[in-house]
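Here's the structure, in structure tokens; my notes come after.
The values are calculated or read from the model by the stated rules, or taken from the named source; none is laboratory data. Since the model is a prediction, treat every value here as computed from it, not as a measurement. Methodologically, a virtual Cβ is constructed for each residue, glycine included, from the backbone with ideal geometry; neighbour enumeration extends over all protein chains shown.
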Ligand SMILES: [Zn+2]
């Protein structure tokens, strides 16, 4: 299970096969029985109560495997592979509808999702490594419940990072949830939560609602302001400076503003660009957000102080277009 792991599925989707029809391929070799290396110790024991983004937890390894952790602390992050033991009964699932994640999302094959229901219910979680004490590995961001068998741990490397991958967008219905998702995702890039980071995430929230998928190739963004604002917005949009050129930045100490454009010629290169921009027209749409200095000044660098339920879009920005 991962932060972007749609868990829900239902049998009402448009393209769900009516019955399980996976013929056994005789040539597929058998593999030996998997032996767990340890178990998850988490304060959360019920998957329905697991917060998005997971919690702090401990992976307790069988003592026989403890020396396999040697020097793992040189990594800030690790992959955890575990076994969705509660999904044993759903191993015939091939199509899922992650409607809890996004009410409009239907008909995704399990191999394109991180759903727990799948032929081999193996979970893949990317977590922060907080520390190791003997056979106990303390992590943050693990959304496997207490008692989940752990199959393997693998290190996360810089070469695992793809700055601007192509992926479908699943957009939660609740604005507050979308806000928290953006902050969590943006933090992975900016690596600190300063006030201008939160300002950038609020700009991104409004832009996504007005223009659709932030990572769409047809969406370009121009930032004028602090380096933290520019970096935060570049991180959340995955907008590169070139190939294709989607991002420009001008450092400024006097203004914090961003200009977002979608629907230009480049948009047709990205079939998903139209979420939230479904009129199908090729007209360019422009959104300009200019931070109101009085609203920004002195606002603490805390997520709740910048949340949509704490301050409205109009209080925070002069908004033009969209
Ligand atoms: Zn910063």
query = Looking at this structure, is residue 205 within 16 Å of the ligand (Cβ to nearest atom) and either assigned to a helix (DSSP H, G or I) or buried (at least 22 other Cβ atoms within 10 Å of the Cβ) (or both)?
reply = no
request  = Would you mention how many residues in region 189-202 are surrounded by fewer than 24 Cβ atoms within 10 Å (Cβ to Cβ) and either outside any helix (DSSP H, G or I) or in contact with a strand residue (DSSP E or B) (Cβ under 9 Å, 6 or more places away or on another chain) (or both)?
outcome  = 6
ask   = Residues of region 241-257 being free of Cβ contacts under 8 Å to residues at least 60 places away in the same chain and either within 14 Å of the ligand (Cβ to nearest atom) or in contact with a strand residue (DSSP E or B) (Cβ under 7 Å, 6 or more places away or on another chain) (or both), which ones?
value = 241, 246, 247, 248, 249, 250, 251, 252, 255, 257
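Per-residue answers, yes or no, for (1) surrounded by 15 or more Cβ atoms within 10 Å (Cβ to Cβ); (2) away from the ligand (no atom under 16 Å from the Cβ); (3) not in a strand (DSSP E or B):
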{"residue": "139", "(1), (2), (3)": "yes, yes, no"}
{"residue": "154", "(1), (2), (3)": "no, yes, no"}
{"residue": "163", "(1), (2), (3)": "no, yes, yes"}
{"residue": "184", "(1), (2), (3)": "yes, no, yes"}
{"residue": "187", "(1), (2), (3)": "yes, no, yes"}
ask   = Does residue 263 qualify as being under 27 Å from residue 105 (Cβ atoms), buried (at least 22 other Cβ atoms within 10 Å of the Cβ) and within 15 Å of the ligand (Cβ to nearest atom)?
value = no
remark   = If we keep only residues of region 52-76 that are touching a helix residue (DSSP H, G or I) at 6+ places or on another chain (Cβ under 9 Å) and either at pLDDT 95 or above or buried (at least 17 other Cβ atoms within 10 Å of the Cβ) (or both), then the residue farthest from residue 178 (Cα to Cα) is 61
ask   = Going by the structure shown, is residue 35 free of Cβ contacts under 8 Å to residues at least 24 places away in the same chain and in contact with a strand residue (DSSP E or B) (Cβ under 9 Å, 6 or more places away or on another chain)?
value = yes
ask   = Quick check: anything in region 218-240 away from the ligand (no atom under 16 Å from the Cβ), in a loop (DSSP other than H, G, I, E, B) and either over 30 Å from residue 115 (Cβ atoms) or out of contact with any helix residue (DSSP H, G or I) (no Cβ under 9 Å at 6 or more places or on another chain) (or both)?
value = yes
inquiry  = Of everything in region 105-116, what is assigned to a loop (DSSP other than H, G, I, E, B) and either free of Cβ contacts under 8 Å to residues at least 12 places away in the same chain or crowded, with 16+ Cβ neighbours inside 10 Å (or both)? Give them in sequence order.
reply    = 105, 106, 113, 114, 115, 116
